[in-house]
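This report concerns only the one structure given below.
The values are calculated or read from the model by the stated rules, or taken from the named source; none is laboratory data. As the structure is a prediction and not an experimental result, all values here were calculated from the model. So basically every Cβ, Gly included, is an ideal-geometry build from the backbone, and we count neighbours across all protein chains shown.
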Amino acid sequence: MKTLLLSTSVCLLLAVAVSAFGAEIQKPYPHYWMSIATSNQNIPGMPAGMGGIASLFGGKKMFGPQRELHMQLESPLVQGDAPKADHAIPPEQKMGASLPLVTPVAEKSERVPSEQGELPEKYEKPKARMLIYWGCGEAVGKGQPKVIDTETMSPAAFGTAFAGRTPTRQTPPSPRKGWTYGEWPNKDDRTEIPAESSLVGSHMVKGNYTPDISFALDKKRDFMAPVEFSPLQKSAAGAVKTEWQAIPTAIGYFATAIGHNQDTGESIFWSSSEVSELGFALQDYLIPADVARFIKEKVILDPSKTSCTVPPVFKGGQPAMLQFIAYGEELNLVHPPKPKDPKKRWDIEWSAKVRLKSTAMMPLMAQDDGEASRTSSSSKKAKTNRDVKDASPDSSDTGTNDPVKEIGNRLRGIFGL
């Protein structure tokens, strides 16, 4: 009898537990993301808003600071063939009353069968030698460079050598089966963002496949100031001092440089980290907790820093590109907020995320100490000559000294792109 009662009690407890667990299962709800970026890439051929080494490969022409905005909405509600949603924006954004979140139409592609007997091209192991440096300073740090040689390494060792710190994975809304997705900019609207645009104020997302998503942005979540560098100066030893204006809303900075030694065929990588770190995964949006963690680990520069000297790792006129990022604050909202009473059921209706960054890219070309005074008298003449060349319809740079093309071509070969 006791055994029967015990078994019955256990079953009842399990039933209550399962019932309670089932009651806490959260139904799917809409997610809305705003990715806000400022870029200052003044080199023709540099694409805007791309992180890591991918930004070296082609893209649109871009001059001076630009503001970028990507808004993405995904919802488990489906409205057949007529989904509609809009983001009502504050007047200070100066882009009208609202921006449409358009659902992209998937285009069907016809698969073309390959010819019988066609074999894939034989894969050849890329031959490359890479030198890895890190740290700000007038001299190269001890134990550097770290050498990566594909001819002497296994594929596994090669992959491990390029592994760096892994930030928290972020998964923005995207098209997926059983959900409705909308975004801006889109095929219907690519309104240019004015230089004086501000996101501060009230925002509202309304649509037929989402509940109203209402929130407000403050100055910490407005477009970040552009990265502005002072003229680069090179020491007699070849170190290049980089200085930038402090960005008020930045919570950390990180810089990398990539170059190529044409004489030896070696690729050269450098980062501002105090410890060995390539930083490929860090040249994009990071959550504030990761930024704080990487500052503590001496990988990301504290926001109080406004300068970093690239040690003499790029010598003899080697082409090199500097890539820089300032990380911004984030805003994470869930509606309704979590109840204070743990016994009360929490049914989330929607979530919203706002993330920010400010990036810059430029050739790592600097004047030698004292060279500025020697060249100032001829600067106007040089500018005039460049203007004349640029205005000529037949003028084109066919040389191999373009740092963007040189580095991009080299990296494409290394990674088989």
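Things to note:
- Yes/no for Gly316 being modelled with pLDDT of 50 or more and within 23 Å of Gln41 (Cβ to Cβ): no
- As a summary of the residue check, Ala139 satisfies the conditions (1) surrounded by 10 or more Cβ atoms within 10 Å (Cβ to Cβ); (2) at pLDDT 95 or above; (3) farther than 30 Å from Cys308 by Cα except for the one numbered (3).
- Candidate set from region 272-309 (those that are in a helix (DSSP H, G or I) and touching a Phe, Trp or Tyr at 6+ places or on another chain (Cβ under 7 Å)); member that is nearest to Gly252 (Cα to Cα): Val291
- Selection count where residues are within 27 Å of Ile348 (Cα to Cα), of a type outside the set (Val, Ile, Thr) and at pLDDT 95 or above, scope region 176-200: 6
- Among the candidates Gly259, Gly201, residue that is in contact with a helix residue (DSSP H, G or I) (Cβ under 7 Å, 6 or more places away or on another chain) and closer than 21 Å to Gly135 by Cα: Gly259
- All positions within region 239-257 that are within 19 Å of the chain's Cα centre (by Cα) and in a strand (DSSP E or B): Gly252, Tyr253, Phe254, Ala255, Thr256, Ala257
- Any hit, region 198-212, residues being farther than 24 Å from Pro363 by Cβ and without any contact (Cβ under 8 Å) to a residue 24 or more places away in the chain: yes
- Yes/no for Leu119 being modelled with pLDDT under 90, of a type in the set (A, V, I, L, M, F, W, C) and more than 30 Å from Ser267 (Cα to Cα): yes
- Just one of the listed residues (His203, His260) is at pLDDT below 95, in a strand (DSSP E or B) and more than 21 Å from the chain's Cα centre (by Cα), namely His260.
- Of all residues in region 270-287 being surrounded by fewer than 23 Cβ atoms within 10 Å (Cβ to Cβ) and not small (Gly, Ala, Ser), the one that is nearest to the chain's Cα centre (by Cα): Asp284
- Subset of region 288-320 that is among the β-branched types (Val, Ile, Thr) and under 16 Å from Ser358 (Cβ atoms) - its residue that is surrounded by the fewest Cβ atoms within 10 Å (Cβ to Cβ): Thr306
- For Thr242, the criteria (1) of a type in the set (S, T, N, Q); (2) within 18 Å of Pro363 (Cα to Cα); (3) out of contact with any strand residue (DSSP E or B) (no Cβ under 6 Å at 6 or more places or on another chain) hold in every case but one, which is (3).
- Some residue of region 230-237 being of a type in the set (D, E, K, R), buried (at least 18 other Cβ atoms within 10 Å of the Cβ) and closer than 12 Å to Cys136 by Cα: no
- Ser358 satisfies every condition listed in (1) modelled with pLDDT of 95 or more; (2) within 30 Å of Ala257 (Cα to Cα); (3) in contact with a helix residue (DSSP H, G or I) (Cβ under 6 Å, 6 or more places away or on another chain) except (3).
- Considering residues of region 202-239 that are polar (S, T, N, Q) and touching a strand residue (DSSP E or B) at 6+ places or on another chain (Cβ under 7 Å) only, the residue farthest from Ile287 (Cα to Cα): Gln233
- The conditions of being surrounded by 15 or more Cβ atoms within 10 Å (Cβ to Cβ), touching a residue at least 60 places away in the same chain (Cβ under 8 Å) and touching a strand residue (DSSP E or B) at 6+ places or on another chain (Cβ under 9 Å) are not met by Thr264.
- Of the residues making up region 162-198, those that are touching a helix residue (DSSP H, G or I) at 6+ places or on another chain (Cβ under 9 Å), polar (S, T, N, Q) and either farther than 24 Å from Pro65 by Cβ or surrounded by fewer than 11 Cβ atoms within 10 Å (Cβ to Cβ) (or both) are Thr166, Thr168.
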